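For reference, the structure is listed below as structure tokens.
The values are calculated or read from the model by the stated rules, or taken from the named source; none is laboratory data. These numbers come from a predicted model, not from an experiment. Here the Cβ is made from the backbone with ideal geometry for all residues, glycine too, and neighbour counts use every protein chain on show.
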Amino acid sequence: MCGRFALTTTNEELSHRFALKTKQNFPNRWNIAPSQTSLTLTSNDGFNLSLNNQDKFGIWEPGLKKRIINARSETITVRPMFKEAFKSARCLVLASGWFEWDANKTPYYISLKDNRVMAFAGLRFKEKENNCFVILTGSAKGALSEIHHRTPLLLKRKFWSIWLGITENIPKECLFSPESHFFHWHEVSSQVGNVVNDNASLVLPISKI
């Protein structure tokens, strides 16, 4: 599962990692929650990426009276809510890391060992006048599964163009969960559970707060 994530980046990193040119300075976010906006990437012309900065996290489900924020990668091609978006509205969701709670409700912050911005596989939807997105998840592997049995689906660079392309024939290896050894994680403050909190202390190890 991925219900909260962080995104702290620079225009230089966006340019180097995603070949994006922007003069807009995006504020650092340490606690992005459902219904809040964040950055996604789409492609409408080959592999020329477009940056979207007002997409809302989660799609409103009237029957459940809540936002659906994740989609299981194993069922996106058949589940009615997701199968059309899978065909024509795939996106990348940018993140520096995500938060996860273990069985004891202890929060952890998880990020790449080199701290690069990640690209999660996402699906994009139109909701009235807004665009929104969900993050795909897969079964957690290795030590990460000790925190939670699901993880966001992190796409390797070689799969970005395929995921954002027009083909529905996505390679199976594209939808595999990343191995635990690519990440580091640590316990963080329970303050991350409150959506009003959004500051750098939320991603620090609990012993440093």
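Among the residues of the range 182-209, those identified as assigned to a loop (DSSP other than H, G, I, E, B), touching a residue at least 40 places away in the same chain (Cβ under 8 Å) and among the polar types (S, T, N, Q) are SER189, ASN197, ASN199. Restricting the range 124-183 to residues that are more than 19 Å from LYS83 (Cβ to Cβ) and among the acidic types (Asp, Glu), the residue that is nearest to the chain's Cα centre (by Cα) is GLU179.
When the range 1-48 is filtered for residues that are more than 27 Å from SER201 (Cα to Cα), under 17 Å from the mean Cα position of the chain (by Cα) and aliphatic (A, V, I, L, M), only LEU41 remains.
Can you tell me which residue is modelled with the lowest pLDDT among those in the range 15-38 that are of a type in the set (Val, Ile, Thr) and either over 15 Å from LEU123 (Cα atoms) or not in a strand (DSSP E or B) (or both)?
As a first pass, look at the range 15-38 and keep what is of a type in the set (Val, Ile, Thr): 22, 32, 37.
Add one more test, that the residue is either over 15 Å from LEU123 (Cα atoms) or not in a strand (DSSP E or B) (or both), and what stays is 22, 32.
Values: THR22: 86, ILE32: 98.
It comes out as THR22.
Restricting the first member to the range 157-176 and to residues that are farther than 21 Å from SER139 by Cβ, and the second to residues that are modelled with pLDDT of 90 or more and outside any helix (DSSP H, G or I), the beta-carbon pairs closer than 7 Å and six or more apart or on different chains are TRP160/LEU92; TRP160/ALA119; LEU164/THR42; LEU164/ARG90; LEU164/LEU92.
Could you list all residues from the range 1-55 that are buried (at least 17 other Cβ atoms within 10 Å of the Cβ) and of a type in the set (Lys, Arg)? Those that are buried (at least 17 other Cβ atoms within 10 Å of the Cβ) and of a type in the set (Lys, Arg): ARG4, ARG29.
Taken residue by residue, the range 39-58 has at least one member that is assigned to a strand (DSSP E or B), of a type in the set (Ser, Thr, Tyr) and touching a helix residue (DSSP H, G or I) at 6+ places or on another chain (Cβ under 7 Å).
ALA71 meets the conditions (1) on the phi < 0 side of the Ramachandran plot; (2) outside any strand (DSSP E or B) in every case but one. The failed one is (2).
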